[in-house]
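Throughout, read-outs are computed from the coordinates displayed, never taken from laboratory work. In this text, all values refer to a predicted model and were calculated from it rather than measured experimentally. Quick reminder, even Gly has a Cβ in these numbers, built from the backbone with ideal geometry, and neighbours come from all protein chains shown.
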Amino acid sequence: MTPSHPIVFLVDVDNTLVDNDGIQQDLKDHLERTYGLAARERYWRILEDLFTELGYRDYIGALQRFRVEHPREVELLSMSSFLMDYPFADRLYPGALEVLKRLRGLGPTVILSDGDVVFQPRKVEHAGIADVVDGHVLIYIHKEEALDDVERRYPAEHYVLVDDKLRILDAVKQIWGERVTTVFPRQGQYAHDAKLLSALPPADVTIERIGDLLHYDLPRLRTAPHALASSPKVTG
């Protein structure tokens, strides 16, 4: 049996380590510039429909469906190159990789993300994230429904989950209770949705950006969540 660690850090990708809103805007701009506004709007509708259906954004799957509607537009094939060759490292938030290195110094640090089996792993790899966490990457369809598998792979006395979605943080808190400290970086579209924020309880720790963890007193995250203050403590 794998020995239990005192603490394991679980870190999300989109809008936590990587500016996914920026990636989406680049994709929209490329679609409109190359294929026109109608194509951009149709692709995005398919993408949103798939998100409702699957629970994550399947960019490659949406492109496949879009191509079915336009079987003779072979120019669409270049879209796959745009997606797969995108410079993801350029969209890392300031300090993102340094934060992962700092977390790794205190305990095993694992990427915990939702996504498809092609685009999301490539994003994690090409952004340089996988290397920093020594390949400890978990990508599920619904990560909040796979916590038993996370525990099996990375047993710990305590977990720290860093995620930009309060919905995910709350779902995991309801399952793990005081065994998890939830950290909410206020980055991206979901982190500033007033309706969502008012509908859910706050995280144990709220920071404005992922880089704030470079100055947070990380050992305090071992403390029971109810004893934590919500403002970062800068170490000397």
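Numbers at a glance
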item: FRET efficiency estimate (nearest 0.05) - Cβ-Cβ, Ala194 to His30, R0 25 angstrom; result: 0.25
item: All-pairs Cα distance distribution in the chain, expressed in whole percent, bin size 5 Å; result: 1, 6, 13, 18, 19, 15, 11, 7, 5, 3, 1, 0, 0
item: Rough spin-label spacing in nm, given labels placed 7 Å along Cα→Cβ, for Ala38 and Arg152; result: 5.0 nm
item: Stokes-Einstein diffusion coefficient of the stretch 6-52, Kirkwood radius over Cα pairs, 10 °C, 1.306 mPa s, in µm²/s; result: 127 µm²/s
item: Debye log10 I(q)/I(0) for the stretch 1-125, one point scatterer per Cα, at q = 0.09, 0.10, 0.15, 0.20 Å⁻¹; result: -0.33, -0.39, -0.76, -1.16
item: Residues Arg220 and Glu75, FRET efficiency given R0 of 35 Å [Cβ-Cβ distance, rounded to 0.05]; result: 0.05
item: Dipole in debye (nearest 20) - the chain, about Cα centre, beta carbon charges: Lys, Arg +1; Asp, Glu -1; result: 300 debye
item: 10 Å binning of all Cα-Cα separations within the stretch 21-88, expressed as whole percents from 0 upward; result: 21, 60, 20, 0
item: Stokes-Einstein D in µm²/s, Kirkwood radius over Cα pairs - the stretch 59-158 at 10 °C with 1.306 mPa s viscosity; result: 102 µm²/s
